[in-house]
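Heads up, the thing below is written out as structure tokens.
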Amino acid sequence: MGILERLNAGEVVIGDGGFVFALEKRGYVKAGPWTPEASVQYPDAVRQLHREFLRAGSNVMQTFTFYASDDKLENRGNNLKLTGAQINEAACDLAREVANEGDALVAGGVSQTPSYLSCKSKADVKAIFRKQLDVFIKKNVDFLIAEYFEHVEEAVWAVEVMKETGKPVAASLCIGPKGDMHGVSPGECAVRLVKAGAQIVGVNCHFDPMTCVETVKQMKVGVEKAGLKAHYMVQPLAYHTPDCNCQGFIDLPEFPFGLEPRILTRWDMHKYAREAYNAGIRFIGGCCGFEAYHIRAIAEELAPERGFLPSASEKHGSWGAGLEMHTKPWVRARARRDYWENLKPASGRPQCPSMSVPDSWGVTKGHADLMQQKEATSKEELEQLFDKSKTH
């Protein structure tokens, strides 16, 4: 069955995790540009990560095509000698190969563009999306996702182009309860996306699971109030972000190399999965920071609704049951649900605060600081940014 048939039947669809962050940690993606050339350069690494998510319970193999538009691939000196078409084709082939090893669908994804931030025209931005979608249609992906959009206006443009293909369309914004970067509320964002043609709407990235679930709840209220219908999706960060502002985790001083103390445990993921399900969300996955064990936790929490456990549960006792086999008696005493469900993990960092103060530069599309360029960032430009950072 396709994505809409599954959702219409009330099935839980489990997404995959955050390829960009996971592959950066493994040495296959460069932090900064965050582009997915690994699909061509290191296909075995991408294939293996797909397989880990499939084994953990994912129903969707999302093509590793994040930021694979030509304008992003050549932004700020990122001279890869690869085209978006080459990367997108390789990513589609890898996703399909692994999806065929299980009961998974392939989703082709497009993301926000430097051209939009630089105030290029609607026609110019749509042409970028259309070029990416040509590959997804050629490779016959099962459905399309417009993901990681800070501005609903650009996401609507993406959805409008996607609808031309006849494929099912999902749209996911990287926003929180305060709305997009132009102040459009989550409810209004969702209404605009559904009217543009998206059958599935929601959020991904930038915020922690509970914040994202709350944001999708607001979307659902807005859609229903407008007399419209949609399915809902959520693919949040695997980091706790109670101190984030409207911009989300990229404003945190720990972004991107010091986020590890904020990582959610597998038990936190159980709570997230249940909260999302109870909110009426049926497409539940993850984004940056999510590893396969996080997805397995979602699949295990929702096993009663899905009717089965993922393959990876073969090596994981429910709620720590495998600890019954441990050699140390005090560890065996932790083989119970109430222990892990009520644990408050320590960070082991006595000199560190529990929360941070986000960088709040307050700039978005149209501001001179966000104008993009093909040339590498110069030393002089960096010095100006270093000085500016001291005043924020």
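The values are calculated or read from the model by the stated rules, or taken from the named source; none is laboratory data. Keep in mind the model is a prediction, meaning the values are calculated, not measured. Don't worry about glycine lacking a Cβ; one is built from the backbone with ideal geometry, like all the others, and counts go over all protein chains shown. To get the accessible areas, we keep the full protein, side chains included, count just its heavy atoms, and leave off ligands, DNA and RNA. Shrake-Rupley method; radii C 1.70, N 1.55, O 1.52, S 1.80 Å.
Some points to look at:
- Within the stretch 97-108, residues that are at negative phi have Cβ atoms under 8 Å from residues that are surrounded by fewer than 15 Cβ atoms within 10 Å (Cβ to Cβ) in these pairs: Leu105/Gly2, counting only partners at least 6 apart in sequence or on another chain.
- Condition met for Ala45 (buried (at least 21 other Cβ atoms within 10 Å of the Cβ), of a type in the set (A, V, I, L, M) and at pLDDT 95 or above): no
- Filter result for Leu54 (farther than 22 Å from Pro310 by Cα and of a type outside the set (Phe, Trp, Tyr)): no
Let's see how each residue does on (1) of a type in the set (Val, Ile, Thr); (2) buried (at least 20 other Cβ atoms within 10 Å of the Cβ); (3) more than 25 Å from Phe64 (Cα to Cα):
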{"position": "Pro253", "(1), (2), (3)": "no, no, yes"}
{"position": "Cys287", "(1), (2), (3)": "no, yes, no"}
{"position": "Ile295", "(1), (2), (3)": "yes, yes, no"}
{"position": "Pro304", "(1), (2), (3)": "no, no, yes"}
{"position": "His316", "(1), (2), (3)": "no, no, yes"}
{"position": "Trp319", "(1), (2), (3)": "no, no, yes"}
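- Residue that is modelled with the lowest pLDDT, among those in the stretch 318-356 that are in contact with a Leu (Cβ under 9 Å, 6 or more places away or on another chain) and of a type outside the set (D, E, K, R): Ser356
- Failed condition for Met325, given (1) within 25 Å of Glu52 (Cβ to Cβ); (2) surrounded by 10 or more Cβ atoms within 10 Å (Cβ to Cβ); (3) within 31 Å of the chain's Cα centre (by Cα): (3)
- When residues in the stretch 85-111 are screened for being charged (D, E, K, R), assigned to a helix (DSSP H, G or I) and in contact with a helix residue (DSSP H, G or I) (Cβ under 9 Å, 6 or more places away or on another chain), 3 of them pass.
- For Ala276: the one exception among (1) closer than 25 Å to Glu24 by Cα; (2) outside any strand (DSSP E or B): (1)
- Checking each residue in the stretch 140-157 for being among the aliphatic types (A, V, I, L, M), within 22 Å of Leu105 (Cα to Cα) and more than 17 Å from the chain's Cα centre (by Cα) picks out only Val141.
- Only one of the numbered conditions (1) touching a helix residue (DSSP H, G or I) at 6+ places or on another chain (Cβ under 7 Å); (2) open to solvent by less than 40 Å² (accessible area, probe 1.4 Å); (3) outside any loop (DSSP other than H, G, I, E, B) is violated by Val141, and that is (3).
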